[in-house]
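Note sheet for the following structure.
No lab work stands behind these numbers, since they all come straight from the coordinates. Computed from a prediction, not measured in an experiment: that's the story for all the values here. Heads up, the Cβs are rebuilt from the backbone with ideal geometry, glycines too, and the neighbour counts pull from every protein chain shown.
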Amino acid sequence: MATLLRNFWQSLTGGDDRNAEATAAPVPERPREAAAPAILPLEIAPNDPLAAYFQSSPGTVEVDRINLDSAALRALKAAGVKMVMPLVSQGELIGLLNLGPRLSEQDYSSDDGGLLSNLGAQASPAVRVAQLVRQQQLEAQARERLEQELRVGRLVQQTLLPKELPTLPGWDVAAHYQPARAVGGDFYDFVYLADGRLGIFIGDVSDKGVPAALVMATTRAILRGAAQRTSAPGEVLEQANDLLHPDIPPKMFVTCLYAILDPATGRLVFANAGHDLPYRRGRAGVDELRATGMPLGLMAGMRYEQKEIQLLPGERVLFHSDGIAEAHAPDRKMFGFPRLRDLMASAPETSLVNFLLAELARFTGPGWEQEDDVTLVILERTAAPREGVVAWRAVLDFAIPSEPGNEREAMKRVAEAAETLGMPPARLERLKTAVAEAIMNAIEHGNKNRPEIPVGVRLLASDGALAVRITDQGGGRPIPKAQTPDLDAKLAGRQTPRGWGLFLIEKMVDEMRVTSDETTHTIELILQLKGNENASQNA
Amino acid sequence: MPAKTLEAKVRPAPGGTGVAIIDLRGEINSFGEAALNAAYAEASQSNPPAILLNFSGVDYINSTGIALIVGVLAQARKTGCRLLTTGLSSHYVEIFHITRLADFMNIYPDEASALAGVTR
């Protein structure tokens, strides 16, 4: 036995790529004569007759007795291999145990052959397991690399999206960006121009991952620069195209729409480099804002048509990317532009973002694997402010999935914004409790804990007060009026111990309003920025 | 933000008064129901004259948490065990007053004054 073991050198070889991984194990040096076991790198091509021969061999094979026209056989002989034990697992050749000549210079006995057959039978499954483990490790590494790349892409993209929405008196600006897992390259941006006008970009890079994120970052910088130099949207796109074209990777391009709003007059001038057409909901219905132009980066010297519209009080414009219109239902039906247009026409006056997201969720159903980034930017000229009506400006507008526990993160975001606006700590605590309770109700009672249905959260500020509007999709049923819970009855077991939410909300805020329509409920919480509760705080 | 789980540990009050103390840490919401009820069951096993709920490690109580506290209070009242509290932030002291929980559970600023309150 000792002689035999000293004598053989092990070879894990194979004829396909997967098995080649096994041969990649460290090989210090090709063994000479009586060296320790080592690995002989040997490729057996799939069409080499030796592969089929070994695969069907029940036990050890003496190399000198094989008579085949085989490159692998010649390699084995050249390496001095005398005896081979094919390692076969589940009918597949996964490696060879190769033996050189015996040290004693005698031929191998049939006992040696039997021993080697035994060894081979035991080694095969172990080698197979090792190969599979290695294969899985490599696959896991590849997955990890891909995930890492997606993380970087997402980070670049999200870092460059605007942190705050523009606040313009008489206008509501809302935006929503929802990345696909693979990051689709969407972007939007706001540029504040010298004369009080607002520039709005929305675009989409025709690729995914890190390359798309880098092109997006470059495009954004170029557009920002061009927007400051010239105030005609067509010229901005023209300049951006000429700057981008020499540097953009082949087959990549960027669709982009640029619009400039004059908030004082409602005049909106825009040009479009191949991006999805915005919709305007005007007094006469919904129309598309058309202006022709090629996507950025495809060809130098392009011209971009420039158009102009007038937005009246109560009118709104939806800028969007194809992520929403090209979303698919489980039956592969596409959401489609006509549906989006129809929804613009039928949308209630409340948050359009939440309405569209809810309609999208309804269309795609639960468990939707989002195919592409969904980006929405909405510009709305609010109805003319009347005398004595508080002017609210939007501070935050976001949506969260309806999962219990999500109210904590939303509560934190609202509180941080309120703190920035100067709300003192004791008021902040009241705000936090009220917001968390209202969102919990929206998640549980309005949206029935269905994560795919969003709860919309908007924070608005006026000079001295904050309003938080929390919208769920549980419309059609009125929210019950808050009643003072009967603690004595609860303690005596005559009532459930629960039922504190609405009561607490009402006690925490200065004013609470509930509005409902057929599809949504909105609870509005109003708190004066500075209150006078500190006196009762030290009870 | 993942919800912080509630930890509830029972210990006897110093001084051999027989009072049990439940130290609470984390968030009192629906996720904390099992921990709070288990701690109350453990604390009430020796029929203590009073149980002190120590909230100093608690940074969030929501309406479900209030309901859990009401449940514990109801159990305590059945067996004639007093419930005391300490460590509540001023915000939650206010909420205990609004909900009238403060009518049934004395609120103390610290553990020593709570224990002094029991023996009085």
Item to check | Selected from A:271, A:228, A:345, residue furthest toward positive end of dipole (region A:161-389; charges at beta carbon) | outcome: A:345
Item to check | Value of [θ]222 nm, deg cm²/dmol, for chain A, DSSP H segments ≥ 4, -39500 (n - 2.57) each, nearest 500 | outcome: -11000 deg cm²/dmol
Checklist entry - Lys/Arg Cβ at +1, Asp/Glu Cβ at -1, dipole of region A:161-389 taken about the Cα centre: which of A:243, A:312, A:370 is farthest positive-ward? => result A:312
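What size of dipole, in debye to the nearest 20, comes out for the protein assembly as shown about its Cα centre when the only charges are +1 on Lys and Arg C-beta atoms and -1 on Asp and Glu C-beta atoms? Present the calculation step by step, with values, prior to reporting the outcome.
On the way: 66 positive and 80 negative charges, 269 e Å.
For this selection, approximately 1300 debye.
Provide the FRET efficiency to the nearest 0.05 for the residue B:59-residue A:229 pair, computing r from the beta carbons and using R0 = 56 Å.
On the way: r = 51 Å, r/R0 = 0.91.
That pair, residue B:59 with residue A:229, gives E of 0.65.
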Checklist entry - With each pseudo-label sitting 7 Å past Cα toward Cβ, what's the residue A:143-residue A:288 distance in nm, one decimal? => result 4.2 nm
Next on the checklist: Could you compute the net charge surrounding residue A:364? Neighbours are other residues with a C-beta less than 15 Å from the C-beta of residue A:364; K and R count +1, D and E count -1.
Outcome noted: -3
Item to check | Gained length - residue A:477 relative to residue A:63, 0.36 nm times residue gap less alpha-carbon distance | outcome: 140.6 nm
Item to check | Estimated distance in nm for a label pair at residue A:159 and residue A:486, the labels positioned 7 Å out from Cα along Cα-to-Cβ | outcome: 6.0 nm
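Please give the contour-minus-distance gain from residue A:251 to residue A:105: 0.36 nm per residue of separation, less the Cα-Cα distance, rounded to one decimal in nm. Don't skip to the end; give the middle numbers.
Details: separation 146, 0.36 × 146 = 52.56 nm, distance 6.64 nm.
Result for the pair: 45.9 nm of gain on full extension.
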Next on the checklist: What does the charge count around residue A:71 come to, taking other residues whose C-beta lies under 10 Å from its C-beta (Lys +1, Arg +1, Asp -1, Glu -1)?
Outcome noted: -2
Checklist entry - Based on DSSP H runs of at least 4 residues, each adding -39500 (n - 2.57), what is the mean residue ellipticity at 222 nm of chain B after dividing by all its residues, to the nearest 500 deg cm²/dmol? => result -12500 deg cm²/dmol
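Given Cβ point charges of +1 (Lys, Arg) and -1 (Asp, Glu) and nothing else, what value in debye, to the nearest 20, does the dipole of region A:161-389 about its Cα centre take? Working shown, then result.
Values: 23 positive and 30 negative charges, 41 e Å.
The dipole magnitude comes to about 200 debye.
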Item to check | Sparsely packed GluC sites (Glu not before Pro) within region A:146-191, loop by DSSP, other Cβ within 10 Å at most 14 | outcome: A:164
Checklist entry - Rounded to the nearest 0.05, what FRET efficiency is calculated for residue A:167 and residue B:33 with R0 set to 56 Å and r the Cβ-Cβ distance? => result 0.85
Checklist outcome for this item: At the level of C-alpha centres, the distance separating region A:228-273 and region A:400-473, in angstrom, is 36 Å
Checklist entry - Quick one: if the Förster radius is 41 Å, what FRET efficiency do residue B:41 and residue A:445 give, using the C-beta to C-beta distance and rounding to 0.05? => result 0.85
Checklist entry - Under a point-charge model restricted to the Cβ atoms of Lys and Arg (+1) and Asp and Glu (-1), what is the dipole moment magnitude of chain B relative to its Cα centre, in debye to the nearest 20? => result 320 debye
